[in-house]
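Report on the following structure.
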Amino acid sequence: MDKFISKKKILSTFLLLTIMLVNSSCVDLEAIRKFTENASVVSQKFPALSSDFYDSCTRQYRYQFYQRVNFNAKLMQEIDDMPNQTNLDGYQTTIPRGGDGLSIIQREVKCREWKKTDKAALLLNKALVDYIKALGELAADDLTNYDKSLNDLGTSITQIGVFEAKHIDAGKGLAKFISSAATNFWRRKKLKSAIEERDKDVSTLAEVLKKYIAAMYVEQLVQERRELDFLYKNTIQAYQNQGGNVNQLTILTVKSKWDAERKELNQKIDSATAYGKILDNVIEGHHKLYESRESLGSKEVKQMILGYAKRIEDLIPTLRKAF
Amino acid sequence: MASTKLTSEQAFQLSQAYSQLREAVGNYRLDNWNQLTPAQRQKLEDYEWTLATNASDFLQKSVVLLLTAPETQQAVNNIVATTKDLVEAVKTLQGINKIFGVLTAAFTLGGAIISGNPIAIAQAIEGAIKAIKA
């Protein structure tokens, strides 16, 4: 009697486990993969955005020093070449100091400090992107799709000729079911654990990167744009006040160039702002995954995450406009 | 005693304020061009220059404080550690596929040996070696 009950217990436990595995085997994590794919697009554009801090800084002082040297062609060329100087110690120049008392060399040295912050920012960005990519790789359906492997295995077993085809097919089916179910269960557990433990850190880091680009880099561009505006305003003003005939066409031509340069800066500002919005979606999307961590493969989570993936995708063209 | 250390946010706001002041001084100079002497205009331009440089310095300070904040560094360290775990998890699952590959190659080799076909055997051996090395 005990033996009979024991066998029955074993059978019911096995059936219960099978049912659990059936429920956990149906994992659709492809939405997470799509979300992480789109989110990691920012990694491609970040270096260009970040390195422009230095370039913007040098453009700023160029606008100022062009006026300082009264648009002397030779000295303007020297101003343009400043960023290419490898050794600034002992560099001699006839370019007069700026209104703040600093030489152009001192201004270039200040700008080169941006290269250090750029390096630091790239490391922060890499940490976030590597994490997002790793989440996506673990969520990839082909990782636990053993169809091809098991089909090939079945074919190889058939060649030996020991087993009947119907038995091999049944064996293949069961192996596929059990291996996928078991690994998907483990995979989902790993994903849940990562999302749970790191949601706050992802938010912290993404907020820092968002502030760095969407607030601080944008402010750098705004300050550059101010210097650009005063370059042209001062120049047009000086031209109009020089006495003699004022050629309206000259002013219009200059204005046209001013507008074009302004447009380029404004596009950069738009791109940086779009980058900030992408990071907002990364933060929100990851947090939604955190809130839904008990049901990562569910239809509702899938729809929600695909929504964030789409929002990021929609912002990418604006990001690409200037970079 | 209250801390007098500048925060990233404070430095950022100072940067914006100095830059806006620079713009206001510049506009004043241009709007009052004819009322100002050349010397006065030059002095105002020098102030503008100094305000712009100060704005730039504060912005740089703000960025450095942001990127090097202890909470930022801690978040990075935590995320890097978790990423390592995730990468290992992916490798483990890729290993399972590899096991199937090795088993497939082993059975193919078995079938080839039973068939006695030397060409098939040679090909199967090559396949097995590739599967193991993958």
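Values in this text are rule-based calculations from the coordinates and carry no lab data. As the structure is a prediction and not an experimental result, all values here were calculated from the model. Ideal geometry is used to build each Cβ from the backbone, glycine not excepted, and the neighbour counts take in all protein chains shown.
Points worth noting:
- Dimensions of the range A:232-303 based on its C-alpha atoms, expressed as ranges along the principal axes with the largest first, amount to 79, 17, 10 Å.
- The lysine pair count for the range A:241-294, using Cα distances under 22 Å and pairs eight or more places apart or on different chains, is 6.
- Inter-chain neighbour count for A:235-248: the average number of beta-carbon atoms from partner chains within 10 Å of each residue's beta-carbon is 1.
- The calculated P(r) of the range B:14-99, using every Cα pair and 5 Å bins from 0, goes 3, 13, 12, 10, 9, 7, 7, 6, 6, 6, 5, 5, 4, 3, 2, 1, 1, 0 in percent.
- For A:Asn70 and B:Thr92, the FRET efficiency from 1/(1 + (r/R0)^6), where r spans their Cβ atoms and R0 equals 51 Å, is about 0.15.
- Histogrammed with a bin width of 5 Å, the alpha carbon distances of the range A:189-245 distribute as 4, 15, 10, 11, 9, 8, 8, 6, 6, 5, 5, 4, 3, 2, 2, 1, 0 percent, first bin at zero.
- Efficiency of FRET between B:Ile119 and A:Lys189 - r from beta-carbon atoms, R0 41 angstrom, step 0.05: 0.30
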